[in-house]
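Working notes, beginning with the structure itself.
Each value in this text was obtained by applying a stated rule to the coordinates, not by laboratory testing. Predicted, not measured: the structure shown is a model, and the values here were computed from it. All Cβ positions, even for glycine, are placed from backbone atoms using ideal geometry, and neighbour counts span all protein chains on display.
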Amino acid sequence: MQRKLKEGQGLPADVLRAVNDDQRIAVLRDLQLADATSDVDFDRLTTLAASVMEAPIAFVSLIDSDRQWFKSCLGIGGEELPISVSFCAHTIAAGDKVFVVPDAAADPRFADNPLVTGSLNVRFYAGAPIIVSGEPIGTLSVIDTRPRPTPDEGRIDQLHSLAALAASLFKIKEDNRAGLAARVALAREEKRRVVAVEAASLASWAWDLRTDTIECDTLFPELLDLPPTTRLSARRIFRAIDRRDVKKAEADFRAALATDEEYIGEYRVAGVHPTRWLAARGRVIEHDEEGNPLLVFGVNFDISERKAAEERQRLLLRELNHRVKNTLATVQALATQSVRHAQEPAEFLVAFTARLRALGLAHGLLSDHEWRGIALCELIKLEVLPFDDAENPRIRVNGEHLLLSPDQALGLGLILHELGGNALQHGSLSSPDGIVDLSWRVDGNRRARRLVLTWVESGGPRVVPPHRHGFGSILIRRSLSKILASEVNHEYLPEGVRAEISMPLVDFPN
């Protein structure tokens, strides 16, 4: 307040109080008119005021706490004056009356005012307050450079009416400005919503329950595999839903309407391959006087990837359950047969531990690949190459890249482990000059491909066929018994053990 009073030196105390009234200043600032450009509508008012009052100078001014500035001027230049020399400040203090100074030079309040003693040479002044929201924010004023008597009552009323018109004009323009700002903000918010919806791939819609029609964006029919449109009937939407889901989708929607709860649904789109799943969310936003729902807003979005992931997880769990049962059965068979064919407990422990390790390696590889296709070369690296010497390799591997099913990988892993272990203990790998050739090829056509894998030992001690087949030999012949059309030929030739394994190949997606 001290700053305001200092800036207003030269004005009487009552005028200063009126000018610096907080409520008046708040109304003025709320109009957001400071330093606004001139306006042709206000120019017409000043011209009319000059004509009515027969004055050479007229203006619409706004009175702030420290200055008077002009919204429209006729007959003078300049944009503002300091509040300390303002005639209009006295008009603000006069309330809702027209303030008149017949001869400023003869009036003690203004005789020394620079506007009177200076080049402008103001003598006559008449100003009517412009009152907005109950507060005088400015004036519509006329001045003359010669003294004049007080205008008659008719002209005073006309000036007062023109000031009231100026107040209405300010209010209308402020409402228009606020409305425009609101429309700009609404448009900006709508753009933001559109960007957010598009970024999230959300299709939005509004369902009028009175007409059963849906106003929507262009993404909604696209998700439903319908032609481009922004207006759909309810019947057409339900026809676009897969027949396996349509009854539940419609029942869930009607139930949500009946209970006035949020609608949450998931359904497949009819006739789309691969399957497209959509999620839907909706809420009633308008009711009639009796509380019945009238309008529902909602969104749809594609959840096909989530559904596919859930299905893969279900299949994986089902496969895992199946594998656990098979693994337990395999472990039981390994233990039983290892005990039956072992001469000593220590022999059983060594054989059983090694076979469990081979089974565990194959299971680990399958788990890493989520029980899908396993590369044959990876399986060989785990099950066979540990029997080789890295500094002096004696197992020669040759073959193209192939994928095996989980059952094939488990069975073949056990076979390769047994062949490698036997070769290291009794076969070619037990001799410094012995080698193993491990190779494979693909026979048949694209629809009936078969893997043919051969294990050929050479350079080792002379082979004598065993009088009794141990469990290892049995394991080699029977490990692929679950694979239909598989064959295992295991021979003890004098020059070395030879095994040929044949099985059908499964096609895997890329």
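Is the shape of the stretch 96-149 best called rounded, prolate or oblate, per the rule: a/c under 1.5 gives rounded, else a/b larger than b/c gives prolate, else oblate, with a ≥ b ≥ c the square roots of the Cα gyration tensor eigenvalues? Walk me through the intermediate numbers first.
Numbers: a/c = 2.42, a/b = 2.15, b/c = 1.12.
Prolate shape, in that a/c is at least 1.5 and a/b is the bigger ratio.
Treating only the Cβ of Lys, Arg, Asp and Glu as charged (+1, +1, -1, -1), what charge dipole size does the stretch 2-178 show about its Cα centre? Round to the nearest 20 debye. Walk me through the numbers on the way to the answer.
On the way: 18 positive and 25 negative charges, 39 e Å.
Dipole of the stretch 2-178, to the nearest 20 debye: 180 debye.
Show me the ranking of peptides 63-72, 92-101, 220-229, 138-147 by mean Cβ neighbours inside 10 Å, starting with the highest. All intermediate terms of the calculation are to be shown ahead of the outcome.
On the way: 63-72: 20.6, 92-101: 18.1, 220-229: 15.5, 138-147: 22.9.
Final packing ranking: 138-147, 63-72, 92-101, 220-229.
For the stretch 203-302, what are the per-bin percents of Cα-Cα distances with bins 10 Å wide, up to the bin holding the maximum?
16, 52, 27, 4, 0
By average Cβ neighbour count within 10 Å, what is the ranking of 296-309, 40-53 from highest down?
On the way: 296-309: 16.1, 40-53: 17.7.
The most tightly packed comes first, giving 40-53, 296-309.
When you have a sec, figure out the Kirkwood radius of the stretch 2-178 from all distinct Cα pair distances and drop it here in Å to one decimal? Display every interim value, and only then the final one.
Details: mean 1/r = 0.0625 Å⁻¹.
The answer is 16.0 Å.
At 0.890 mPa s and 25 °C, plugging the Kirkwood radius over alpha-carbon pairs of the stretch 35-82 into Stokes-Einstein gives what diffusion coefficient in µm²/s? Before the final figure, lay out each step's value.
Details: Rh = 11.0 Å.
It diffuses with D of about 223 µm²/s by this estimate.
Packing-wise, with mean Cβ within 10 Å as the measure, how do 283-292, 247-256 rank, highest first?
On the way: 283-292: 10.9, 247-256: 15.0.
In descending order of packing, they fall as 247-256, 283-292.
In a solvent-free Debye calculation with one equal scatterer on each Cα, what is log10 I(q)/I(0) for the stretch 96-185 at q = 0.11, 0.14 Å⁻¹, listed in the order of the q values?
-0.43, -0.61
Would you order C377, C88 from fewest to most other beta-carbon atoms within 10 Å of each residue's own beta-carbon? Before the final figure, lay out the partial values.
Values: C377 13, C88 25.
Arranged by neighbour count, lowest to highest, C377, C88 become C377, C88.
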